[in-house]
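The values are calculated or read from the model by the stated rules, or taken from the named source; none is laboratory data. The shown structure was predicted, so the numbers you read here are calculated from the model rather than taken from an experiment. So basically every Cβ, Gly included, is an ideal-geometry build from the backbone, and we count neighbours across all protein chains shown. Accessible surface is based on the protein model in full, side chains and every heavy atom, while ligands, DNA and RNA are left aside. Shrake-Rupley method; radii C 1.70, N 1.55, O 1.52, S 1.80 Å.
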Amino acid sequence: MDRVVITVHPTVSDEKLLSVTDAMQQVLDHMKLFEAAQQSMGDPHSRFEWRLEKASTNSPFTVVAVAQASNPSVNVSAMAKLVKTEVSQGLRSLMTRGTPPEWMTQDTFAVAKGIFARNLNGIGETYIDFEDGDVISITPDQAKAGINTLDAFNVMDFEQDLVPRQSFGEIEGVMLAAGRYRNREAIQIKNEMYGFIWCTLSRDIIERFGDEHSMSDIWKGKTLGVHGRLNYIAGGKLQTIDAVEVREIEFAPLVNLEAILDPDFTAGMDPHEYLEQLHEGRLG
């Protein structure tokens, strides 16, 4: 489950010959998408690189990449699978749903557009096997749909996000882990809009709640509100939070409607009749 296979087919008119530049750049750009998706998750404990395991220079051009952990003692299979799912769903979202995935930035838009453009000029089909039955075939028709999505996406909405920025506020998310981010104590949450976010903790929070083990015992799996400085990278992606306060968000229990249902509420009257008498003040 740690591999991805990318196969680049020539167009019929090219008589089974591919441009070397097109074929190699197509693979490189796909790997940029995998790297961008991984970076958006911001999990330093499961960091890995995509390594070349196998390549076939015969037409069609085929490359097999395998995820290799930066730390050999860490199993990155789960993270690699998650990254592949994000890329697979992201490409489908561009080609079939008309919306870009949340982890894409302006730079990533340009990479994706280059992939689609080559499928309209020089490449007949790009075939991506994510393993476990997840396969995408980018044909000229799908490439056109992807380009239309990117062109139609209102870039003006992101003008303020073209450069890194900071703001202050609170973000809600489910706590996944407690550890260290860039040598600072931190917790990781998952937010519905921004995905995985590392939240570095102030000294006051550390003193109040204890070390990594204590924080994990208290908060892991719970929904938290993290208040502090929100650090956005170019493209509008929330990368990290410098937390000054963390609070647990408790949700009210769901109400069992059957438990509060009163079958004798209208005293046997038809609901319409009951409401008429109620409005006319004739209920005794």
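Kindly indicate the residue of segment 167-201 that is acidic (Asp, Glu) and in a strand (DSSP E or B) and also surrounded by the most Cβ atoms within 10 Å (Cβ to Cβ) among those meeting that condition.
To start, the set of residues in segment 167-201 that are acidic (Asp, Glu) comprises 170, 172, 185, 192.
Imposing the further condition that a residue be in a strand (DSSP E or B) reduces the set to 170, 172, 185.
Numbers: Glu170: 16, Glu172: 14, Glu185: 20.
Only one residue tops the list, namely Glu185.
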Specify the residue that is modelled with the highest pLDDT; the eligible residues are those in segment 31-47 that are among the charged types (D, E, K, R) and over 19 Å from Val111 (Cβ atoms).
Arg47
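Collect the residues in segment 248-272 that are surrounded by 11 or more Cβ atoms within 10 Å (Cβ to Cβ) and modelled with pLDDT of 70 or more, keeping them in residue-number order.
Going residue by residue through segment 248-272, those that are surrounded by 11 or more Cβ atoms within 10 Å (Cβ to Cβ) are 248-249, 266, 269.
Across segment 248-272, the qualifying residues are Glu248, Ile249, Met269.
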Matching residues in segment 106-154 (touching a His at 6+ places or on another chain (Cβ under 9 Å) and in a helix (DSSP H, G or I)) number 2
Just for segment 51-67: of the residues that are polar (S, T, N, Q) and either surrounded by 15 or more Cβ atoms within 10 Å (Cβ to Cβ) or under 29 Å from Met193 (Cα atoms) (or both), which one is modelled with the lowest pLDDT?
Ser59
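Here is a yes/no grid of residues against (1) open to solvent by 40 Å² or more (accessible area, probe 1.4 Å); (2) of a type in the set (Asp, Glu); (3) closer than 26 Å to Ala110 by Cβ:
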site: Gln26; (1), (2), (3): no, no, yes
site: Asp29; (1), (2), (3): no, yes, yes
site: Glu49; (1), (2), (3): yes, yes, yes
site: Ala69; (1), (2), (3): no, no, no
site: Pro72; (1), (2), (3): yes, no, no
Would you be able to tell me the number of residues in segment 72-109 that are within 21 Å of Thr7 (Cβ to Cβ) and in contact (Cβ under 8 Å) with a residue 24 or more places away in the chain?
14
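Ile123 - would you say it is at pLDDT 90 or above and open to solvent by less than 10 Å² (accessible area, probe 1.4 Å)?
Answer is yes for this residue.
Restrict the check to segment 130-141 and report whether at least one residue is open to solvent by less than 80 Å² (accessible area, probe 1.4 Å) and either among the basic types (Lys, Arg) or outside the structural domain of Leu17 (by the TED database) (or both). Don't jump to the end; show me each part of the working.
The initial filter retains those residues of segment 130-141 that are open to solvent by less than 80 Å² (accessible area, probe 1.4 Å), namely 130-131, 133-140.
Keeping just the survivors that are either among the basic types (Lys, Arg) or outside the structural domain of Leu17 (by the TED database) (or both) gives none.
No, segment 130-141 has no match at all.
Quick one: would you say Ala69 is touching a residue at least 12 places away in the same chain (Cβ under 8 Å), under 30 Å from Thr240 (Cβ atoms) and in contact with a Leu (Cβ under 9 Å, 6 or more places away or on another chain)?
Numbers: touching a residue at least 12 places away in the same chain (Cβ under 8 Å): yes; under 30 Å from Thr240 (Cβ atoms): yes; in contact with a Leu (Cβ under 9 Å, 6 or more places away or on another chain): no.
When the stated conditions are applied, Ala69 does not pass them.
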